[in-house]
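Participant: Take a look at the following structure, please.
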Amino acid sequence: MSLLVGLFFAIGTYLILTKSLLRIILGTSIISHGVHLLILTMGGLKTGGPPLLGLQDLPFTDALPQALILTAIVINFATTALFLVLSYRAYKVLGTDDTDQMRGNHDE
Amino acid sequence: MSWLHIMILIPFLFAIIVPFIYRVFAPRIHTGWFVLSVPSVIFLYLLMYIPIISTGETILISVPWIPSYGINYTTYIDGLSLVFGLVITGIGALVVLYSIYYMSKLKESLHNFYVYLLLFMGAMLGLVFSDNILVLYVFWELTSISSFLLIAYWYQRERSRYGAQKSMNITIFGGLAMLAGFIMLSMMTETYSIREMINQTDSIYEHSLFLPAMILLLLGAFTKSAQFPFSIWLPDAMEAPTPISAYLHSATMVKAGIYLVARMTPIFGGTPEWFWLVTSAGLITLLYGSLTAVKQTDLKALLAYSTISQLGLIMSLLGMGSASLYYGTGDEASMYAAAVLAAIFHLINHSTFKGSLFMVVGIIDHETGTRDIRRLGGLMHLMPISFTLAIIGGFSMAGLPPFNGFLSKEMFFTAVLNASDMSIFSMESLGVIIPVIAWAASVFTFIYCMILIFKTFTGKYKPKKLEKAAHEAPVGMLVPPVILSSLVIIIFFFPNVLSQYILKPAMGAVLPAYSQPGEIEIKISAWHGWNTELFMTLGVVGAGTFLYLYLKKWIGIYSIYPYSMTFNNFYNQGLGKIEDMSLTLTKSYMTGFIRDYFVYVFTFLIIIIGGSMLFLDGAAFDAGNNAPVSIYEGVLIISMITAALTVLFSKSRLTAIVAVGALGYLVSLFFVIFRAPDLALTQLVVETVTTALFLLCFYHLPEIRREAVRVKFRMTNLVISLGVGAIVAILALSANGTRLFEPIAYYYENSYELAGARNIVNAILVDFRGIDTMLEIFVLGIASLGVYTLVKLRISGRDRSERTK
């Protein structure tokens, strides 16, 4: 499990370091999956039933990481959406999706 | 809070309301009239302390400021701080009065001017009345900052900005050195109070930090008091308005260094190192200042160098006086104690005559439009009062009777003669130099005083070279220098009154052995027979007059010394080099490429987390908490890895997007296995929407090109990403293997009773951590607004054409 998280992070980082905007966004998306799984792993895996009080099989798994992840998923969605539209806009205006070419003036 | 504290804080409080006063009354009433009340009130208040202090008493009032660190705002009044307090407020009141006429109420932004001025006044008062070294340091830097602001008051001028920056660089450098010295002192004595340090002088002297602390402290004092070679900032500080030059850069701020040396004399004095450092710095500065002043053509620059020289004189007197501590009490001790008395005496005298001279120069500048000696001349008949004032101030500075400068100059000669007879601190061989330097410097002092008076006021009047027709200044501008000049004369005739009430208590503060009145008998008198001192003065007058008359013949020797060897040049070159270096350094890593910044961020992540795990033994592997891998999970993991790798290697954007979508769905399946139904549901929804979004944008975004990049680029990326992956994997493993605390989830088990929810995750989100969720919704709202505007926004045609250009 942890190795999987590590792999996600490695791929995500590699993608972020490339020059294409779309790849960068995909990279952040993959890293965020990695983050979710990391939090889940930290809470301990498969140590009990789902955290629903109505069910019988006590004890439950730790509910706190789940709540955190839920928040993270939603926020991640928001940022991804913003990123996407931003890159779309940048491409429309600047005519490129290469971050090297997006660099501003040399004499700042 | 006592009245004294309030008095020190008044300037700061008044500085707050000055802008409002300015807004209401400007330009009808000059703001200075309101400000004038501040120093006057404080001056009168401080006068009330003279009877108490002159009996040898001291007053200590403490208010806790940061009690947990032992930092108290302790005010301490003894003779020394009282002298400074009186000078600060007395000269301050006169300067404010003068500035009312000097600064036009129509053209100048007076609110800035008076706010800075009051800031300085408060800082200076705080400095001299503070017993806690850290509080003293804070006020010390405040004076530097307000001086910076005041020098740069006419910030449109390049010279002003240059001078302000220079003074700031040098004095703050000294201030930081002083702070280091203070910290060493407090390490040695384990107290922040100067009082308590003085009680522990013996243990300080034994300590190994004694010499470093002393040198650092002196650096602070020498930079502030413009001692050689740090004196270069003072002439450039003359770009400030003349009232400021008179106030900060001759009467008060530059004397803060003198104050510090005097204050620290009981701690460090009586040792050969202190004696030699202070005395020699003072003497060299004295000679350098007077030599350089002679060649100046700008009246204010001349006064600046003369201030440097006079500060050196006071400094050297304090140095020689410190020898008194070596002897403790007795005849020899009181002989050197006279030097300390002379130092304080000359400090007051200097404030009076130099203040009045600066004001006269300000009048000349104001009424003729120039301060250049070569363009001035013959003003004697046009400005008779100013001429008289200049004669009083100038002759006093030159050390002629019947002015107070004569008295302190004579005492200075006495001190140097005594010092040359000294038998300690290896003075037997070197002692003879001191009177020679003192005498030579006095000759040049005499010369530049004569230049100041006679080159401006006698000779031919050259109206064509002046910007305005010269005439006498308005009365209000003449009143302050007249008051100061009358003090110059009054002090000459009644020096012992001043000595009784002010000088001796101040001396007692420097030399604790004489802190009670009546223990030492020093009479200041104008006539004490035909002794060596008088002959030295006569020699000064003779040689000075001779050299002044033949000035044209020998002034050329000044041009022999090349500019490239001056400290000014070193400073300018050094500053330029440092700026270039920092620019090159910054440009080398701030490339403007976003990828480079990512590389820094990720590398740093690896180094910090990896390093801390390595050195702090953070990495821990414990298989005990691991869950067994079932067949479903195995399949899931393999497919996730496949999906992720597909994203990495795909050449088509469609494949990449679909692969990411698949990855998201697989993660949600994972959540199902790991007993997190809510997460799985949310993830499913979000992933669907995200993929849809990706596909929408996919329509607009270009095809992923095969990146034609160098192998090196790829290798860097590969190494960094593998490093990040490895670090995070180790982190995850360690987190899994380490259980420091019990999970706190059982707090939420009563969610049904408290929140009426059977689903604990939901209860946490909407109830226990409800505000977090609300803010989360807030974030979503902002993001959606951003998305909406970005989609809807139409870049106007003008923008686009600009970008394509």
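Participant: Give the angle, between 0 and 90 degrees and rounded to the nearest 10, that separates the Cα long axis of helix B:158-189 from the longest principal axis of the Cα atoms of chain B.
Facilitator: For helix B:158-189, the angle is close to 80 degrees.
Participant: Just tell me the longest site-free run in chain B, where the sites are GluC sites (Glu not before Pro) in a DSSP loop having at most 13 other beta-carbon atoms within 10 Å. Intermediate values should be presented prior to the final figure.
Facilitator: Details: sites that count: B:E190, B:E467, B:E521, B:E703, B:E707.
In short, B:191-466.
Participant: Note down the magnitude of the dipole of chain B about its Cα centre, charges +1 on Lys and Arg C-beta and -1 on Asp and Glu C-beta and zero elsewhere, to the nearest 20 debye.
Facilitator: Working: 49 positive and 45 negative charges, 813 e Å.
The dipole magnitude comes to about 3900 debye.
Participant: With a ≥ b ≥ c the root eigenvalues of the C-alpha gyration tensor of the stretch B:367-429, is it rounded (a/c under 1.5), prolate (a/b larger than b/c) or oblate? List each step's numbers first, then the result.
Facilitator: On the way: a/c = 5.95, a/b = 2.73, b/c = 2.18.
Here the stretch B:367-429 falls in the prolate category.
Participant: I need the Debye-formula profile for the stretch B:342-470: one equal scatterer per C-alpha, no solvent, reported as log10 I(q)/I(0) at q = 0.09, 0.15 1/Å, two decimals.
Facilitator: Values, matching the q order: -0.35, -0.74.
Participant: Right, something else. Going by Cα centres, the stretch A:14-42 and the stretch B:98-162 are how many Å apart?
Facilitator: With the stretch A:14-42 and the stretch B:98-162 each reduced to a Cα centre, they are spaced 54 Å.
Participant: Hey, if you put +1 on the Cβ of every Lys and Arg and -1 on every Asp and Glu Cβ in chain B, which of B:L733, B:V685, B:M590 ends up farthest toward the positive end of that dipole?
Facilitator: Checking the options against the dipole of chain B, the answer is B:M590.
Participant: Further question on the same structure: Using 21 Å as the Cα-Cα cut-off, could you pick out the over-long pairs in B:K166/B:K224; B:K105/B:K354; B:K300/B:K577; B:K166/B:K300; B:K295/B:K455? Walk me through the numbers on the way to the answer.
Facilitator: Details: B:K166/B:K224 12 Å; B:K105/B:K354 26 Å; B:K300/B:K577 30 Å; B:K166/B:K300 17 Å; B:K295/B:K455 13 Å.
Long pairs (Cα-Cα over 21 Å): B:K105/B:K354; B:K300/B:K577.
Participant: Lysines near A:K19 by alpha-carbon distance under 20 Å, same-chain residues fewer than 8 away left out - which ones?
Facilitator: Hits, sequence-local ones excluded: A:K92, B:K651, B:K712.
Participant: Quickly estimate the mean residue ellipticity at 222 nm for the protein assembly as shown, helices only: each DSSP H run with n ≥ 4 gives -39500 (n - 2.57), and the total goes over all residues, rounded to 500.
Facilitator: Working: 40 runs with 621 residues, N = 913.
Computed mean residue ellipticity for the protein assembly as shown: -22500 deg cm²/dmol.
Participant: I would also like to ask the following. Can you return the lysines within cross-link range of B:K523? Criterion is Cα-Cα under 23 Å, with same-chain partners fewer than 8 residues away left out.
Facilitator: B:K409, B:K504
Participant: To the nearest Å, what is the center-to-center distance of the stretch B:439-480 and the stretch B:633-664, using C-alpha atoms only?
Facilitator: The stretch B:439-480 and the stretch B:633-664 have Cα centres spaced 89 Å from each other.
Participant: For peptide B:774-783, how many partner chain Cβ atoms fall within 10 Å of a residue's Cβ, on average?
Facilitator: Going residue by residue through B:774-783 and averaging, the value is 3.
Participant: Taking other Cβ within 10 Å of each residue's Cβ, how do B:S68, B:S309 sort, fewest first?
Facilitator: Values: B:S68 6, B:S309 27.
Fewest-to-most Cβ neighbours within 10 Å comes out as B:S68, B:S309.
Participant: Let me ask another. Amide H to amide H, which residues 5 or more places from B:V63 or on other chains are under 5 Å from it, using H placed in the peptide plane?
Facilitator: B:Y73, B:T74, B:T75
Participant: Rounded, prolate or oblate: which fits chain B when a ≥ b ≥ c are the square roots of the eigenvalues of the alpha-carbon gyration tensor, with rounded for a/c under 1.5 and prolate only if a/b beats b/c? Could you put the intermediate results ahead of the total?
Facilitator: Details: a/c = 2.55, a/b = 2.10, b/c = 1.22.
Prolate.
Participant: Within the stretch B:316-393, list the trypsin sites (Lys or Arg not before Pro) lying in a DSSP loop whose Cβ has at most 14 other Cβ atoms in a 10 Å radius. Don't jump to the answer; show the numbers that get you there.
Facilitator: On the way: sites: B:K354, B:R371, B:R374, B:R375; in loops: B:R371, B:R374, B:R375.
Taking the stretch B:316-393 and a limit of 14 other Cβ atoms within 10 Å, the loop trypsin sites (Lys or Arg not before Pro) found are B:R374.
Participant: For chain B, take the longest principal axis of its alpha carbons; what is the angle in degrees between that and the long axis of helix B:594-605, to the nearest 10 within 0 to 90?
Facilitator: Helix B:594-605 sits at roughly 90 degrees to that axis.
Participant: List the relative contact order of the stretch B:320-449 as a percent without decimals, with contacts defined as Cα pairs under 8 Å and 6+ residues apart. Write out the running numbers ahead of the final one.
Facilitator: Details: 125 pairs, mean separation 29.7, N = 130.
23 percent.
Participant: Run a plain Debye calculation on the stretch B:227-266 (Cα atoms as equal point scatterers, no solvent) and give log10 I(q)/I(0) at q = 0.20, 0.22, 0.25 Å⁻¹, rounded to two decimals, same order as the q list.
Facilitator: Log-scaled intensity ratios, in q order: -0.64, -0.74, -0.85.
Participant: Mind checking the dipole of the stretch B:22-141: about its Cα centre, +1 per Lys or Arg Cβ, -1 per Asp or Glu Cβ, Debye to the nearest 20? Walk me through the numbers on the way to the answer.
Facilitator: Numbers: 4 positive and 5 negative charges, 133 e Å.
Dipole size: approximately 640 debye.
Participant: Ranking B:V766, B:V361, B:V510, B:V135 by Cβ neighbours within 10 Å, fewest first, what do you get? Please list the in-between numbers first.
Facilitator: Numbers: B:V766 14, B:V361 25, B:V510 28, B:V135 21.
Ranked by crowding around the Cβ, least crowded first: B:V766, B:V135, B:V361, B:V510.
Participant: Treating only the Cβ of Lys, Arg, Asp and Glu as charged (+1, +1, -1, -1), what charge dipole size does the protein assembly as shown show about its Cα centre? Round to the nearest 20 debye. Mind showing how you got there, number by number?
Facilitator: Working: 55 positive and 52 negative charges, 825 e Å.
Dipole magnitude for the protein assembly as shown comes out near 3960 debye.
Participant: Also, quick follow-up: Which whole number gives the average count of other chain Cβ atoms within 10 Å of the Cβ atoms across peptide A:83-91? If you can, show how the numbers build up before the last one.
Facilitator: Values: counts 4, 10, 10, 3, 4, 10, 7, 1, 4.
Counting other chains' Cβ atoms within 10 Å and averaging over A:83-91 gives 6.
Participant: Dipole of the protein assembly as shown (Lys/Arg Cβ +1, Asp/Glu Cβ -1, origin at the Cα centre): which of B:I453, B:L94, B:S81 lies farthest to the positive side?
Facilitator: Projecting each Cα onto the dipole axis, the largest value belongs to B:I453.
Participant: More than 12 angstrom separation, counting every C-alpha pair in the stretch B:462-505; what % is that? Please report the intermediate quantities before stating the final value.
Facilitator: Working: 686 of 946 pairs.
Everything past 12 Å amounts to 73 percent.
Participant: Within 10 Å of each Cβ in peptide A:31-37, how many partner chain Cβ atoms are there on average? Round it to a whole number, please. Numbers along the way, then the final one.
Facilitator: Details: counts 2, 2, 11, 7, 1, 7, 6.
Mean inter-chain Cβ contacts per residue within 10 Å come to 5.
Participant: Also: Please compute the contact order of chain B in relative form: average sequence separation of alpha-carbon pairs under 8 Å and at least six residues apart, divided by the residue count, as a percent.
Facilitator: On the way: 1086 pairs, mean separation 82.5, N = 805.
Once divided by the residue count of chain B, the mean separation gives 10 percent.
Participant: How large is log10 of I(q)/I(0) for the protein assembly as shown at q = 0.05, 0.08, 0.09, 0.11 Å⁻¹ when the intensity is taken from the Debye formula with one equal scatterer per alpha-carbon?
Facilitator: Listed by q, the Debye log ratios stand at -0.48, -0.84, -0.91, -1.13.
Participant: Using the number of other C-beta atoms within 10 angstrom as an exposure proxy, rank B:D131, B:D580, B:D331 with the fewest first.
Facilitator: If I rank by nearby Cβ atoms, fewest first, I get B:D331, B:D580, B:D131.
Participant: Chain B: longest stretch without exposed chymotrypsin sites (Phe, Trp or Tyr not before Pro) (DSSP loop, at most 10 other Cβ within 10 Å), sites themselves excluded? List each step's numbers first, then the result.
Facilitator: Working: sites that count: B:W527, B:W530, B:Y550, B:Y699, B:F741.
That gives B:1-526 as the longest site-free run.
Participant: If you take the square roots of the eigenvalues of the alpha-carbon gyration tensor of the stretch B:45-188 and sort them as a ≥ b ≥ c, do you get rounded (a/c under 1.5), prolate (a/b over b/c) or oblate? Intermediate values should be presented prior to the final figure.
Facilitator: On the way: a/c = 2.56, a/b = 1.34, b/c = 1.91.
Since a/c reaches 1.5 but b/c is at least a/b, the shape of the stretch B:45-188 is classed as oblate.
Participant: Moving to a separate point now. Relative to the longest principal axis of the C-alpha atoms of chain B, give the angle of the C-alpha long axis of helix B:110-129, reported between 0 and 90° and rounded to the nearest 10°.
Facilitator: With both axes taken from Cα atoms, the answer is about 80 degrees.
Values quoted throughout were computed directly from the atomic coordinates according to the rules given, and no laboratory measurement underlies them. Predicted model, so just to flag it, every value in this text is computed and none were measured. Counting neighbours? That spans all protein chains shown, and the Cβs are built from the backbone with ideal geometry, glycine included.
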